[in-house]
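S.K.: Have a look at this one before I ask anything.
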Amino acid sequence: MVKFIWFLLRSLSPGWNIRRTMPRFSEQLYYNGVRAVPIVVFASVFVGLTTALQTGYQLMGIVPNYFIGMGVGRMLLIELGPVFAAFIVASRSASAMSAELGSMRISEQIDALETMAIDPYHFLCLPRIVATTISLPILVAVMEVVASLTGLMAAQALGISREAFMYGLTHFVEVRDFIGGMVKAVVFGLLIGTSGCYYGFYVEGGAQDVGKATTRAVVLSAILILVSDFVMAALIFSR
Amino acid sequence: MIRVHQLSKRLRGEPVLEDVNLEVPDGSCVCVLGRSGAGKSVLLKIIVGIIPPDSGQVSYENQRLNFGALADNRQIIMQTGFVFQGGALFDGMTVGDNIALPLRERTNLSEQEINERVGRVLSRVGLAHSVRLKVRELSGGMVRLVAIARALVTEPKYIFFDEPTTGLDPLLKERVLGIIKDLSRNGRSVLMVTHDLDFARQIADQIYIMKAGRVYLVDRNVKKEDYE
């Protein structure tokens, strides 16, 4: 854990040039953010449908119908949006980063950077970690919008009026819910980027070890998402 | 002058280098000869500061490498060029971008100056028309030549070669030999690790033979029996 934190701080440490880093950062933002939009939208459709169906199944007839809109909205903003999007990005980006950096390590490309007096932490890890940290909140926002719309569709299919659903969604969702979800997304992004880079960067051996590092990166990302989700839920949403 | 003094290194508990001493005088070509597993590549990586030794020192012009804080060695490392055995090129980039990388990251040269330098150094290794090729489109020999070009583009004072002739056909070997001879003639210091005795004899001002992590013989005129 100490080495993991040291790695994160070392990667984000000062001494890098913004002009030189920007092209690599843009490339990572495109891969980890823009290219992830289709899969996030696809997942969001079903997250919204399922959340509305499950909420309706449990609450319809017990509470007023607008509670379904409130439940769907708050669940998406506080929990489901950030966590589902984080799992998608972890399975997609942490594995890719680990495999890429691991291959670079065993083919001596990272050593080559050092022999060229180029800091490999700043050259390789910084753009990836920052890009994941910035792109995840945006992906979470996309997921929340799409899932809310499909949640509305599912609610209408259950016989809940559009007006009732939207009333619950807009009147009982607090700014703190949205900001709390975004804070979670930023932290998840930071942890996913760091996990992916960490295991790839320190690979030793051959192709088999790159495979193992990739598995570890995804598993660690998933564990860190769940643990930090609990910690942040306790800090942000405890009354 | 590069001085290596009493260098020792263990990897996974096994000694890889033991009390290695070595000197590379300015403008000379020194070869470290040894079979696979003799510790040659580890020695080279310690000399350029990639791997820290367990004990011993490396100094460039009496300035010691600081293995505890590699950032302190930036001024020294900027005077070195390293040619890896497998090339260690970035396969997502073109040949030109690979060679330009140290210039773009370390200098404030304009793109025009960088392109001119890249063109010059590619001509020098005989690949003048390959600037736009992707690394994955290159043959093994071309990869080695591009790696040499990348090491030379910053005009370093010290150049290190890790097995520069492995897997090369005789013609390419000749070309690499010519490049290294040119470097020596132009006052660059060259340190090369290889297991190619004939190549070393053609080029080296001094040959160190390594066996099981130790320098076993230092001579200019090494015979085949010495090596075996």
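The values are calculated or read from the model by the stated rules, or taken from the named source; none is laboratory data. Bear in mind the structure is a predicted one, so any value in this text is a computation, not a measurement. Reconstructed Cβ throughout: ideal geometry from the backbone, glycine too, with neighbour counts over all protein chains shown. Keep in mind that these areas ignore ligands, DNA and RNA; they rest on the heavy atoms of the full protein, side chains included. Shrake-Rupley method; radii C 1.70, N 1.55, O 1.52, S 1.80 Å.
S.K.: Put +1 on the Cβ of every Lys and Arg and -1 on every Asp and Glu Cβ in chain A; which of A:Val203, A:Ser103, A:Asn65 then has its Cα farthest towards the positive end of the dipole?
M.R.: Of the listed residues, the answer is A:Asn65.
S.K.: I'd like the mean, over residues of A:102-112, of how many other protein chain beta carbons sit within 10 Å of each residue's own Cβ.
M.R.: 5
S.K.: Roughly how many Å² is the accessible area per residue of the protein assembly as shown, as a whole number, for a 1.4 Å probe?
M.R.: I get 45 Å² per residue for the protein assembly as shown.
S.K.: Could you state the number of Å between the C-alpha centres of segment A:132-191 and segment A:97-113?
M.R.: Rounded to whole Å, the Cα centres lie 38 Å apart.
S.K.: Could you sort out which of A:Lys3/A:Lys212; B:Lys157/B:Lys211; A:Lys3/B:Lys40 sit more than 22 Å apart by Cα distance in this structure?
M.R.: Cα-Cα > 22 Å for B:Lys157/B:Lys211; A:Lys3/B:Lys40; rest within.
S.K.: Which sequence of B:Arg64, A:Arg35 reflects their accessible areas, 1.4 Å probe, from the largest down?
M.R.: In descending accessible area the options line up as B:Arg64, A:Arg35.
S.K.: Per residue of B:93-104, how many C-beta atoms from partner chains lie within 10 Å of its own C-beta, taken as a mean?
M.R.: Counting Cβ atoms of other protein chains within 10 Å of each residue's Cβ and averaging gives 1.
S.K.: What whole number of Å gives the distance from the Cα centroid of segment B:139-193 to the Cα centroid of segment B:1-50?
M.R.: Going from one Cα centre to the other spans 19 Å.
S.K.: Averaged across A:115-126, how many Cβ atoms of other chains sit within 10 Å of each residue's Cβ atom?
M.R.: 5
S.K.: Kindly express, to the nearest 10 degrees and within the range 0 to 90, the angle between helix A:162-171's C-alpha long axis and the longest C-alpha principal axis of chain A.
M.R.: 60
S.K.: Let me ask something else. Within segment A:135-239, report the GluC sites (Glu not before Pro) that DSSP leaves as loop and that have at most 13 other Cβ atoms within 10 Å.
M.R.: A:Glu174, A:Glu204
S.K.: Considering only A:Ser238, A:Ala43, A:Leu77, whose Cα is most displaced toward the positive end of the charge dipole of chain A, charges sitting on Cβ of Lys, Arg (+1) and Asp, Glu (-1)?
M.R.: Farthest towards the positive pole: A:Ser238.
S.K.: Once the Cα atoms of helix A:95-106 and of chain A are each reduced to a long axis, what angle between those two axes, in degrees from 0 to 90 to the nearest 10, is obtained?
M.R.: 0
S.K.: Separate question: Please state the charge dipole magnitude for segment A:19-238, taken about the Cα centre, from unit charges on C-beta atoms (+1 on K and R, -1 on D and E), reported in debye and rounded to the nearest 20.
M.R.: 260
S.K.: Using Cβ-Cβ distances only, list the Cys residues of the protein assembly as shown with no partner cysteine under 4.7 Å, sorted by number.
M.R.: B:Cys29, B:Cys31
S.K.: Continuing with the same structure: Roughly how big is segment B:88-155's charge dipole about its Cα centre, with Cβ charges of +1 (Lys, Arg) and -1 (Asp, Glu), in debye to the nearest 20?
M.R.: 180
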